[in-house]
Amino acid sequence: MSQPDAFLAVCGHTHLFPGARCRVQGLPDARAFAALPWPLDLMLRFSDDVVTEAELRTGDPMGPALTVQAHTTGAGTEIDGRTWVIREVRRAGSEIELTLGGRTGL
């Protein structure tokens, strides 16, 4: 069975902010990923059903980071592309929950 090009990550709000959580679905080994995350291509789906591309990076000196492409919310608000520090990576059943920290200057 081949792996998808990008994994779905479901976010509980229409936008990201410090403390926001997104749940990555479909990883083949959530336990291993939670222990030692690796880079992933993601498709973030927000609560207003907007979907945008993102990349989880793990080689940054500050730790894991999530780079999100520019997108427009369902209400029409334009959001610039941003990079967020990942404050916590934890397994939640078969999913991985990412908790965001602050934005980086990148």
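Does any residue in segment 79-106 that is among the charged types (D, E, K, R) come within less than 7 Å, Cβ to Cβ, of a residue that is outside any strand (DSSP E or B) and surrounded by 18 or more Cβ atoms within 10 Å (Cβ to Cβ) six or more places away or on a different chain, and which pairs are these?
Cβ pairs passing all conditions: Arg91/Ala30; Glu95/Ala30.
Where residues in segment 1-12 are in contact (Cβ under 8 Å) with a residue 12 or more places away in the chain and out of contact with any Asp or Glu (no Cβ under 8 Å at 6 or more places or on another chain), which of them is most open to solvent (accessible area, probe 1.4 Å)?
Going through the qualifying residues, I end up with Gln3.
Select, from Thr52, Thr58, Thr72, the only residue that is among the hydroxyl-bearing types (Ser, Thr, Tyr), in contact with a His (Cβ under 7 Å, 6 or more places away or on another chain) and free of Cβ contacts under 8 Å to residues at least 24 places away in the same chain.
Testing whether each residue is among the hydroxyl-bearing types (Ser, Thr, Tyr), in contact with a His (Cβ under 7 Å, 6 or more places away or on another chain) and free of Cβ contacts under 8 Å to residues at least 24 places away in the same chain leaves just Thr52.
Just for strands (runs of 3 or more DSSP E) wholly inside segment 13-106: which have at least 1 residues that are in contact with a Gly (Cβ under 7 Å, 6 or more places away or on another chain), buried (at least 17 other Cβ atoms within 10 Å of the Cβ) and modelled with pLDDT of 95 or more?
Correct list: 21-24, 65-68, 82-92, 95-103.
The values are calculated or read from the model by the stated rules, or taken from the named source; none is laboratory data. Since the structure is predicted, the reported quantities are computational estimates derived from the model, not experimental observations. Heads up, the Cβs are rebuilt from the backbone with ideal geometry, glycines too, and the neighbour counts pull from every protein chain shown. To get the accessible areas, we keep the full protein, side chains included, count just its heavy atoms, and leave off ligands, DNA and RNA. Shrake-Rupley method; radii C 1.70, N 1.55, O 1.52, S 1.80 Å.
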